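Report on one structure; see the data block that follows.
The values are calculated or read from the model by the stated rules, or taken from the named source; none is laboratory data. Given the structure is predicted, the values throughout are model-derived calculations rather than measurements. Here the Cβ positions follow ideal geometry from the backbone for every residue, glycine too, while neighbour counts run over all protein chains shown. Each accessible area value is taken on the protein alone, full model and side chains, heavy atoms only, with ligands, DNA and RNA left out. Shrake-Rupley method; radii C 1.70, N 1.55, O 1.52, S 1.80 Å.
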Amino acid sequence: MAKVDTSSSRPYHIVIFGASGFTGQFVVEEVARIVSEGPNGTLKWAVAGRSRQKLDKVLEQAAGALGKPELRTAVEVIVADVGEPDSLAAMCKQAVIVLNCVGPYRFWGEPVVKACVENSAHCIDICGEPQFLESMQLNYNSQAADKGVYIVGACGFDSIPADMGVLYTREQFKGTLTAVESFLTASTGPEGGSLNDGTWKSAIYGFADSGKLRSLRKKFGHKPLPVVGSKIKRRSALFYSNEVQQYAVPFMGADPSVVKRSQRFLLEEHQETPVQYGAYAGVGGVANIAKMLFAGMMFWFLVKFDFGRNLLIKFPEFFSFGFFSKDGPTRKQMECSSFQFAFYGEGYTEGQDPSQGRPNAKIRTLVQGPEAGYVATPIAMVQAAITILNEPTALPKKGGVYTPGAAFSRTTLVERLNKHDGVTWLLCVSLIYACVGAGFVLVLFAC
């Protein structure tokens, strides 16, 4: 049985590891905002990383940004390094939950997972690297179960909106939902936007090692998930989407992998009908397509070779047309950016047999939020931790390595996310078209 101990046996509910990194600094600010949401209305927390000086600077920055001068002295600093196992063990022994913000995870993530499991600390990361996420499940799931520890990956923009969005869409559907397609779109203000090059590096190494991911998946020995209802039709590599009124491509992130793992867990543990899933991202008009094709061709050629990967890493802005940069977005750019996931599902209304005929009902749900990488991601990560601390009985009974959907399907994580100012997660408008005779009946659920 897993246990979430929020008593005084460990000094901190949350330790943010990698707090001085680009994403980590915003996780620090988010934790500082929500201390009243901890167990019994308070949250004990600390920051951790290699450099005490840099961690002090992050706390100074957060104190100024939030108008909370007490952060300069009230938050403990822990020095820990992924290259020093003893320091990681010491850190984990002090934490109920470690929020791991140190990436790329394929290089730096496993020592943290190992230390958390061995020292009975729960762990949450914001990884978007399928190879790392799936290898942790393969290598540490049994040990985490034995220790009663939750290791929950992909708790940022990859992949809480997609994973919880699919589950929420199924919950709203009145019948048996059998397939969902999601369409991601993002918008920026007049100053544009970008992502820190840490995400770019993860993508480079992920594509370079794609062959290893295929061999890794064979080790699980999974049988294909059963297809209920009509088989979902896969879209082409580039197409015009009527759903988002722009050109779209298959989404290249971790969402499809994470959602599939969640669906497998829910089938095996709760006998829930698996939902087929297709993920796509809007890329805009013809001008954007030209840039994408040119950048894509350079990327696919260079990523195959050591010298090419070095070039991609050294000049992220040039090869990504400014989409990734070593400096990341400014706070002004972040304030003016947002994202939207539109989910289009189909299935069978109550009383209809999914094995007979085509789906007779459709549903549309929305997930909307602020800038994805450094505003929505910290909110999602921190709320995942708050959910573990406050709702231990709603989590899986056994410890293990979980996806967000597997860990949080029985919790109020969605409601917690919806309460945050500026974030509208998981239902804005839902439309169901149920076939009745020769016509259609429209049912509207408004948020």
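Tell me, please, whether a residue that is closer than 17 Å to Ile204 by Cα and free of Cβ contacts under 8 Å to residues at least 12 places away in the same chain can be found in the range 270-293.
Checking the range 270-293: at least one residue is closer than 17 Å to Ile204 by Cα and free of Cβ contacts under 8 Å to residues at least 12 places away in the same chain.
When the residues of the range 93-113 are narrowed to those that are out of contact with any Pro (no Cβ under 6 Å at 6 or more places or on another chain) and assigned to a loop (DSSP other than H, G, I, E, B), which ends up least open to solvent (accessible area, probe 1.4 Å)?
Only one residue tops the list, namely Gly109.
Would you please name the residue that is most open to solvent (accessible area, probe 1.4 Å), looking only at residues in the range 404-417 that are closer than 27 Å to Ser337 by Cα and of a type in the set (Val, Ile, Thr)?
Thr412
For the range 41-75, give me the residue count where each residue is open to solvent by 10 Å² or more (accessible area, probe 1.4 Å) and without any contact (Cβ under 8 Å) to a residue 12 or more places away in the chain.
9
Which of the numbered conditions does Tyr240 fail, given that it passes all the others? Conditions: (1) within 19 Å of the chain's Cα centre (by Cα); (2) modelled with pLDDT of 95 or more; (3) among the aromatic types (Phe, Trp, Tyr).
Failed condition: (1).
Would you call Gly422 at pLDDT below 90 and either buried (at least 24 other Cβ atoms within 10 Å of the Cβ) or more than 16 Å from the chain's Cα centre (by Cα) (or both)?
So Gly422 passes the test.
Does Ala145 satisfy being surrounded by 24 or more Cβ atoms within 10 Å (Cβ to Cβ), modelled with pLDDT of 95 or more and part of a helix (DSSP H, G or I)?
no
Which residues, taken from the range 1-53, are out of contact with any helix residue (DSSP H, G or I) (no Cβ under 8 Å at 6 or more places or on another chain) and acidic (Asp, Glu)?
Result: Asp5, single match.
Given the structure, is Tyr240 among the aromatic types (Phe, Trp, Tyr), on the phi < 0 side of the Ramachandran plot and free of Cβ contacts under 8 Å to residues at least 40 places away in the same chain?
It is true that Tyr240 is among the aromatic types (Phe, Trp, Tyr), on the phi < 0 side of the Ramachandran plot and free of Cβ contacts under 8 Å to residues at least 40 places away in the same chain.
Within the range 346-377, count every residue that is open to solvent by 10 Å² or more (accessible area, probe 1.4 Å) and more than 18 Å from the chain's Cα centre (by Cα).
Qualifying residue count for the region: 15.
Considering only the range 307-419, give the strands (runs of 3 or more DSSP E) lying wholly within it that have at least 1 residues that are at pLDDT below 90 and under 22 Å from Pro256 (Cβ atoms).
Answer list for the range 307-419: 361-370.
At pLDDT below 95 and either of a type in the set (D, E, K, R) or under 24 Å from the mean Cα position of the chain (by Cα) (or both): does that describe Lys3?
yes
Among the residues of the range 6-39, which ones are in contact (Cβ under 8 Å) with a residue 12 or more places away in the chain and open to solvent by 20 Å² or more (accessible area, probe 1.4 Å)?
Thr6, Arg10, Pro11, Tyr12, Ser20, Gly21, Phe22, Thr23, Gln25, Arg33, Glu37
Consider only pairs whose beta carbons are under 7 Å apart and that are at least six residues apart or on different chains; among these, list those whose first residue lies in the range 347-373 and is farther than 20 Å from Ser159 by Cβ and touching a residue at least 60 places away in the same chain (Cβ under 8 Å) and whose second residue is outside any strand (DSSP E or B) and open to solvent by 60 Å² or more (accessible area, probe 1.4 Å).
So the pair list comes out as Thr349/Lys174; Glu350/Lys174; Asn360/Gln352.
Return the residues of the range 384-399 that are surrounded by fewer than 24 Cβ atoms within 10 Å (Cβ to Cβ) and not β-branched (Val, Ile, Thr); say none if nothing qualifies.
Leu389, Asn390, Glu391, Pro392, Ala394, Leu395, Pro396, Lys397, Lys398 - these are the residues of the range 384-399 that are surrounded by fewer than 24 Cβ atoms within 10 Å (Cβ to Cβ) and not β-branched (Val, Ile, Thr).
Can you report the number of residues in the range 298-345 which are free of Cβ contacts under 8 Å to residues at least 40 places away in the same chain, among the aromatic types (Phe, Trp, Tyr) and exposed (fewer than 15 other Cβ atoms within 10 Å of the Cβ)?
Looking only at that region, the number is 6.
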